[in-house]
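Okay, so here's the structure we're looking at.
The values are calculated or read from the model by the stated rules, or taken from the named source; none is laboratory data. Quick caveat, the model's predicted, so the values are computed rather than measured. A quick note on method: Cβ atoms are made from the backbone with ideal geometry, for glycine too, and the neighbour counts reach across all protein chains shown.
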Amino acid sequence: MKEARFWTEEGDRVRCHLCPHSCLIGLGKRGICGVRENREGTLYSMNYGMVSSMNVDPIEKKPLYHFHPGEGIFSLGSFGCNLRCLNCQNYLISQATVGDLLLREMTPTDVSDITVAQGCRGVAFTYNEPTIWHEFTYDAMKIAKERGLFTVYVTNGFIQDAPLRELSAHLDAMNIDVKGFTGRFYSEICRATLEPVLQAVELAHELGIHVELTYLIIPGENDDREEILQFSRWVGKIDPNIPVHFTKFHPDYRMFDRIPTPRSTMEMAKEVSMREGLNFVYLGNISIPGGGDTICPKCHTKVVERDGYRVLPLKVREGRCTVCGRDLNMIQ
């Protein structure tokens, strides 16, 4: 337990300013995330240093395809979430609260020590929502950067501006999950709102954080051609070089009534987004030849070949195509 950042007093209640829910929390109560509690008028982080899951993963699993491709990254997560997605695949930890799980306690220094001991050059905060672990991840990332490690967030992007700006001093890359492109989807499926996520993506890019986006395509919910078109146009206005990962849906949690995403829908999404000028579009959770390959937008050379998590850099050096020299928005 540690005193939280980003809150103000309102009588005997406190207002949390970490995520856009801006929870007004009474004495002895917690916010929507389940991990920030008002104790005698002070807001505390109840998950500081509490780890539910950790592993060395391929960085492509995050997914990040343009950030240290082919490397393993030490990955860890806590518990809780500020969204309530009906399709959550990590619901056993994301919907858990204090006392539900057996946890390992870890210090910020431990994170870097384990990362180095595992032979990794970077650490990812993932599995559950890292933004609600803000105090711990901030402290751990500060030490990681001092030790020359790179840092990653795999996040829903539901965070206010000030905390994101604070993180940006020590955060190198984010995969942000844009779950749909309508207010209805966020309201009905995620119990949240869309606009703050879009603002977070734009701000992260503006702050110089390497950004990649994931869009999980759920049949009957966010798979409309026009919705994907509008999403693609929005990405293109920010930067057409932002990598986009369209991902196949598999039924889980409270959405077993939906079918897996058809291959034709996945291919449609890629075709629409590339017609809108996006340069790096990938298809995940599905085996489609070339769906994970990186193609140079200028000379059309296959510069990176991927088969699942097997990565073969072919014609890329220092983030550029070795054939034509085009910048691939890739950090190696």
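Could you say whether any residue in the range 253-271 is touching a helix residue (DSSP H, G or I) at 6+ places or on another chain (Cβ under 6 Å) and assigned by TED's automatic domain parsing to the domain that holds CYS190? Yes, the range 253-271 contains a residue that is touching a helix residue (DSSP H, G or I) at 6+ places or on another chain (Cβ under 6 Å) and assigned by TED's automatic domain parsing to the domain that holds CYS190.
The set of residues in the range 25-41 being more than 26 Å from the chain's Cα centre (by Cα) and of a type in the set (A, V, I, L, M) consists of ILE25, LEU27. Scanning the range 160-177 for residues that are over 23 Å from ILE73 (Cα atoms) and either buried (at least 24 other Cβ atoms within 10 Å of the Cβ) or among the aliphatic types (A, V, I, L, M) (or both) returns a single hit, ALA162. From the list GLY157, GLY148, GLY119, GLY99, the one residue that fits, being crowded, with 16+ Cβ neighbours inside 10 Å and either modelled with pLDDT of 95 or more or assigned by TED's automatic domain parsing to the domain that holds THR247 (or both), is GLY157. Scanning the range 276-318 for residues that are over 23 Å from the mean Cα position of the chain (by Cα), aliphatic (A, V, I, L, M) and surrounded by 13 or more Cβ atoms within 10 Å (Cβ to Cβ) turns up ILE288, ILE295, VAL303, LEU314, VAL316. Just the residues that are over 20 Å from HIS21 (Cα atoms) and either in contact with a Gly (Cβ under 6 Å, 6 or more places away or on another chain) or not assigned by TED's automatic domain parsing to the domain that holds ARG104 (or both), please, taken from the range 130-145. PHE136, the sole residue that qualifies. Here TYR91 clears all of (1) within 30 Å of TYR309 (Cβ to Cβ); (2) modelled with pLDDT under 95; (3) more than 16 Å from the chain's Cα centre (by Cα) except the condition numbered (3). Under the condition of being part of a loop (DSSP other than H, G, I, E, B), under 16 Å from PHE125 (Cα atoms) and of a type in the set (S, T, N, Q), the residues counted in the range 158-209 number 1.
Determine if the range 56-70 includes at least one residue that is crowded, with 18+ Cβ neighbours inside 10 Å, hydrophobic (A, V, I, L, M, F, W, C) and more than 23 Å from LYS248 (Cβ to Cβ). Checking the range 56-70: not a single residue is crowded, with 18+ Cβ neighbours inside 10 Å, hydrophobic (A, V, I, L, M, F, W, C) and more than 23 Å from LYS248 (Cβ to Cβ).
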